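Report on one structure; see the data block that follows.
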Amino acid sequence: MIRARGLTKTFQRKKETVEAVKSIDVDVHEGELVAFLGPNGAGKSTTLRMLTSLLEPSSGTAEVAGWDVTADPAQVRARIGYIGQGNGGGYSYRVLDEVHNQGRFYGLPAEEYRRRTSDLLEALELTGLEKRTVQSLSGGQRRRLDVAMGLMNHPPLLFLDEPTTGLDPHSRANLWEHIGAMRQRYGMTIVLTTHYLDEADTMAERVVVIDHGTIIADAPPSVLKREYADDVITLTLASGGRAEEITALLAGAGGEVRTEPGPGAALVAVITTAHGSDRLPAAIEALRLAGHTVTSADLRRASLDDVFLNLTGRSLREEAA
């Protein structure tokens, strides 16, 4: 569905040349949902704009939906949907008019775009809002309207550029529920950018981590967390254990172990491991057999923020904030 090789974009700022995207190679296969993850200025949106033919690459090639983005941009645009960061509907226009106009832009017959409008408004729970102006809608309703407009041509490939930014958690979850239903209904391939780690982790089959215009990792979320981050087990032991003894006892099963003073006379053991769910019961049992009592246990799973921190040296959550 997407094949990009050496995709590069440079901008000229006064006498300085800024390389926003640096020779990216990426493939997206039919039916995939792929998330581009990275901080502001990483090159995510610039990459999407090149893939959607909205921005001409400085160098490199990209084929999208079977067409070259530079040689055949009109063919690319006819086969994709694109939902940008800002709202697509004109604030003073009515909901029905905006969706109808989108159908006209694609050259659909009046009967067809009216039928599709009715279907989309119903599927996205916008029925009854047809005569409302865009500016009178809630944030969640506006984004659902953007989705309706982006799906008017029944695209096999949909681009979503930070689709839930600014929405409250309920509206975010609601929008993703609708996007998931539309994906299943139309069998779409989806490419999205997001700052929300939970979206990338739970929704995407693949996560492409991009930083400073370069792809630094590309794999399913579970693989990224296994290869670039660790689970952290924290065990609090009742008094009576020596730090050296506990460290030696737990280190024998693998992983990095450190100890620190706990509340009162307690001792806290911290285990960093790639297999936290397996190590936790084994560690508790090893301590029990050695005569030690674990008063509390906590397992923190590796996250995509841990992945980004280990790859780049900084937290994506802090960058996004």
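Readers should treat all values here as calculations from the given coordinates under stated rules, not as data from a laboratory. What you are looking at is a predicted structure, and each value in this text was computed from that prediction instead of being measured. When we count neighbours, we look across all protein chains shown, and the Cβ atoms used for this are built from the backbone with ideal geometry, even at glycine.
Less than 5 angstrom separates the built amide H of residue 21 from those of 9, all sequence-distant by 5 or more or on a different chain. Database remark: amide H of residue 216 closer than 5 angstrom to the amide H of 209, 210, 211 (H placed geometrically; neighbours at sequence offset of 5 or more, or on other chains; Pro and chain starts carry no H).
With a cut-off of 14 Å between beta carbons, the residues surrounding residue 6 carry a summed charge of -1, where Lys and Arg count +1 and Asp and Glu -1. Over the C-alpha trace of region 104-174, radius of gyration and Dmax come out as 12.8, 38 angstrom.
Listed values for region 266-281 are Karplus-derived 3J(HN,Hα) couplings in whole Hz (6.51 cos²θ - 1.76 cosθ + 1.60, θ = phi - 60°), namely 6, 10, 10, 10, 10, 10, 9, 8, 7, 10, x, 5, 7, 6, 4, x, and x replaces Gly and Pro. For residue 96, the shell of other residues with beta-carbons less than 11 Å away shows a net charge of +1, using +1 for Lys and Arg and -1 for Asp and Glu.
Phi angles of region 232-238 translate, via the Karplus equation with coefficients 6.51, -1.76, 1.60 and θ = phi - 60°, into HN-Hα couplings of 10, 9, 10, 10, 9, 10, 5 Hz per residue; Gly and Pro are given as x.
In the Gaussian network model of the chain, springs joining C-alpha atoms below 10 Å, which of 29, 178, 292 carries the largest mean-square fluctuation? Residue with maximal mean-square fluctuation among 29, 178, 292: 292. Residue order for 111, 98, fewest other beta carbons within 10 angstrom first, comes to 111, 98. Here the alpha carbons of region 230-301 define both size measures, Rg and Dmax, at 10.7, 30 Å.
For the chain, the dipole from Cβ point charges (+1 on Lys and Arg, -1 on Asp and Glu) about the Cα centre works out to 840 debye, to the nearest 20. The string of couplings for region 175-181 from the Karplus curve (6.51, -1.76, 1.60, θ = phi - 60°) is 5, 5, 4, 5, 4, x, 5 Hz, one whole number per residue in order, with x for Gly and Pro. Restricting the calculation to alpha carbons of region 1-110 gives Rg and Dmax of 16.1, 51 angstrom.
Once the gyration tensor of the Cα atoms in region 148-222 is diagonalised, the equivalent ellipsoid follows with semi-axes of 21, 16, 12 Å, ordered largest first. Across the chain, the volume of the C-alpha convex hull divided among the residues equals 175 Å³ per residue.
In terms of the mean number of neighbouring beta-carbon atoms within 10 Å, the peptides 146-158, 30-42 order highest first as 146-158, 30-42.
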